[in-house]
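> Dropping a structure here in structure tokens format, bear with me for questions.
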Amino acid sequence: MDRAIVLMYHNIGRVPKGARLPGLYVSPAAFHLQMRYLKAAGFTVVSLDGILDFISGQSRVRRPVALTFDDGFQDFSDNAWPVLRALGFPVTVFVVAGRVGGENLWDCEYLNVRKKLLDWNAIARLKDEGVSFAAHTMTHPSLTSLAGEALRGEVFGSKAALEEKLGMGVDYFCYPYGDYNEDTAEMVKAAGYKAAFTTRKGCVFKAENPYELRRISVKSTTGPLSFAYKLHLYKGSSACRKKQ
């Protein structure tokens, strides 16, 4: 296969009443069906290391797909992980290191929903059970609005905080809101991350820039046919199509 796919999820749960962006949610039943489909349709769920192996041409995995969850919400542990663990699927959760154990203070007013985040004890347990964790800054700001030490603190600080708590290296980064530019990407690279993920829609190709990796979002409106389309037929942006 000439492409890999990185799926992006946020919340696995029912849409709360009054939520301004219901698309951020996937119901537990729909998520279960999606994961079963991945297995039945012959896709190979890989870690983010597997995505880098694909980019570098070192992988011969058939139909590689990686699973990512942004922000580190409690409902990942409640509703997503039991399904993933039963299927033996690797997964990466991007954690807002300075908000662990709290709530989504960065967007709760806009979303009209306060959502509980995993605490450090839950993260430690999940890590021991096989979940991978990666950095999503300290406080979830728009990184292009920052510079100098403020930007450095969000990028370097989240790596250091996670590595101290997890007792292991943290190799991957996710830009909050998908907001990045050349300066932020260079800062991520300087911090020692192997790769960074955006919210730009599309697939991943060989020889891709590892600090501008695209993903495909899964939402409450992603029905079975739409999910299959994203996996089998979706080509992403014009830049993606040019690489085929």
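The values are calculated or read from the model by the stated rules, or taken from the named source; none is laboratory data. Remember, it's a predicted structure, so these values are computed and weren't measured experimentally. Note that we place each Cβ from the backbone using ideal geometry, even for glycine, and neighbour counts take in every protein chain shown. Protein only, heavy atoms only, side chains kept; ligands, DNA and RNA dropped before computing areas. Shrake-Rupley method; radii C 1.70, N 1.55, O 1.52, S 1.80 Å.
> What are the residues in the range 212-222 that are touching a residue at least 40 places away in the same chain (Cβ under 8 Å) and open to solvent by 10 Å² or more (accessible area, probe 1.4 Å), if any? Reasoning before the result, please.
Here is the first cut: in the range 212-222, the ones touching a residue at least 40 places away in the same chain (Cβ under 8 Å) are 213-222.
Within the range 212-222, Arg214, Ser217, Lys219, Ser220, Thr221, Thr222 qualify.
> Considering every residue within the range 139-149, establish whether at least one is among the acidic types (Asp, Glu), under 14 Å from Cys174 (Cα atoms) and modelled with pLDDT of 95 or more.
Checked against the condition, which is being among the acidic types (Asp, Glu), under 14 Å from Cys174 (Cα atoms) and modelled with pLDDT of 95 or more, the range 139-149 yields no hits at all.
> Please give the number of the condition Glu149 fails out of (1) of a type outside the set (Phe, Trp, Tyr); (2) in contact (Cβ under 8 Å) with a residue 12 or more places away in the chain; (3) open to solvent by 50 Å² or more (accessible area, probe 1.4 Å); (4) out of contact with any helix residue (DSSP H, G or I) (no Cβ under 9 Å at 6 or more places or on another chain).
(2) is the only condition that Glu149 fails.
Quick grid of which residues meet (1) over 20 Å from Lys219 (Cα atoms); (2) aliphatic (A, V, I, L, M):
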{"site": "His10", "(1), (2)": "no, no"}
{"site": "Pro16", "(1), (2)": "no, no"}
{"site": "Pro22", "(1), (2)": "no, no"}
{"site": "Gln34", "(1), (2)": "no, no"}
{"site": "Leu38", "(1), (2)": "no, yes"}
{"site": "Leu52", "(1), (2)": "yes, yes"}
{"site": "Trp81", "(1), (2)": "no, no"}
{"site": "Arg85", "(1), (2)": "yes, no"}
{"site": "Gly101", "(1), (2)": "yes, no"}
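> Ok, one more. Which residue out of Ala191, Ala135 is in contact with a Phe, Trp or Tyr (Cβ under 8 Å, 6 or more places away or on another chain), modelled with pLDDT of 95 or more and under 25 Å from Val65 (Cβ atoms)? Quick ask: steps written out before the conclusion?
Numbers: Ala191 fails: under 25 Å from Val65 (Cβ atoms).
Only one candidate qualifies: Ala135.
> Picking from Gly102, Gly98, Gly88, which residue would you name as being under 19 Å from Phe31 (Cα atoms) and either of a type in the set (Gly, Ala, Ser) or out of contact with any helix residue (DSSP H, G or I) (no Cβ under 7 Å at 6 or more places or on another chain) (or both)? Steps first, answer last, please.
On the way: Gly102 fails: under 19 Å from Phe31 (Cα atoms); Gly98 fails: under 19 Å from Phe31 (Cα atoms).
After ruling out the rest, the residue left standing is Gly88.
> I need a count of the residues in the range 116-137 that are part of a loop (DSSP other than H, G, I, E, B) and surrounded by 20 or more Cβ atoms within 10 Å (Cβ to Cβ).
Our first condition is that a residue be part of a loop (DSSP other than H, G, I, E, B); within the range 116-137, this holds for 118-119, 130-131, 136-137.
Okay, now just the ones that are also surrounded by 20 or more Cβ atoms within 10 Å (Cβ to Cβ), so 118, 131, 136-137.
Counting residues in the range 116-137 that are part of a loop (DSSP other than H, G, I, E, B) and surrounded by 20 or more Cβ atoms within 10 Å (Cβ to Cβ) gives 4.
> Could I ask something else about it? Tally up the residues in the range 61-79 that are out of contact with any Leu (no Cβ under 9 Å at 6 or more places or on another chain) and either among the aromatic types (Phe, Trp, Tyr) or closer than 19 Å to Leu231 by Cβ (or both), please.
Result for the range 61-79: 4.
> Related question: So for the range 202-211 (the condition being part of a loop (DSSP other than H, G, I, E, B), of a type in the set (Asp, Glu) and buried (at least 21 other Cβ atoms within 10 Å of the Cβ)), does at least one residue qualify?
In the first step, residues of the range 202-211 are kept if they are part of a loop (DSSP other than H, G, I, E, B); the result is 202-203, 205-211.
Okay, now just the ones that are also of a type in the set (Asp, Glu), so 208.
With buried (at least 21 other Cβ atoms within 10 Å of the Cβ) added as a condition, the list becomes 208.
Yes, the range 202-211 has at least one match.
> Answer yes or no: is there a residue in the range 181-194 that is open to solvent by 20 Å² or more (accessible area, probe 1.4 Å) and of a type in the set (Ser, Thr, Tyr). Give the derivation first.
Going through the range 181-194, the residues open to solvent by 20 Å² or more (accessible area, probe 1.4 Å) turn out to be 181-183, 186-187, 189-190, 192, 194.
Filter once more, so that each one left must be of a type in the set (Ser, Thr, Tyr): none.
The answer is no; no qualifying residue exists.
> Please enumerate the residues belonging to the range 93-115 that are open to solvent by less than 50 Å² (accessible area, probe 1.4 Å), among the aliphatic types (A, V, I, L, M) and not in a strand (DSSP E or B). Talk me through it step by step, then tell me what you get.
Pass one, the range 93-115, residues open to solvent by less than 50 Å² (accessible area, probe 1.4 Å): 93-98, 100-102, 104, 106-108, 111, 113, 115.
With the extra rule that they be among the aliphatic types (A, V, I, L, M), the set shrinks to 93, 95-97, 100, 111, 113.
Within the range 93-115, Val96, Ala97, Val100, Leu111, Val113 meet the criteria.
> If we scan the range 157-180, do we find a residue that is more than 18 Å from the chain's Cα centre (by Cα), open to solvent by 10 Å² or more (accessible area, probe 1.4 Å), farther than 19 Å from Arg99 by Cβ and modelled with pLDDT of 95 or more?
Yes - at least one qualifying residue is present in the range 157-180.
> Using beta carbons and a limit of 8 Å, which pairs, at least six apart or on different chains, have the first residue in the range 113-133 and at negative phi and the second one crowded, with 16+ Cβ neighbours inside 10 Å and of a type in the set (Lys, Arg)?
Listed by first residue and then by second, the contacts come to Leu117/Arg99; Trp120/Lys165; Ile123/Lys165; Ala124/Lys165; Phe133/Lys127.
> Pro82 is checked against (1) over 21 Å from Trp120 (Cα atoms); (2) of a type outside the set (A, V, I, L, M, F, W, C); (3) out of contact with any strand residue (DSSP E or B) (no Cβ under 9 Å at 6 or more places or on another chain); (4) at pLDDT 95 or above and fails just one. What number does that condition carry?
That leaves (1) as the condition not met.
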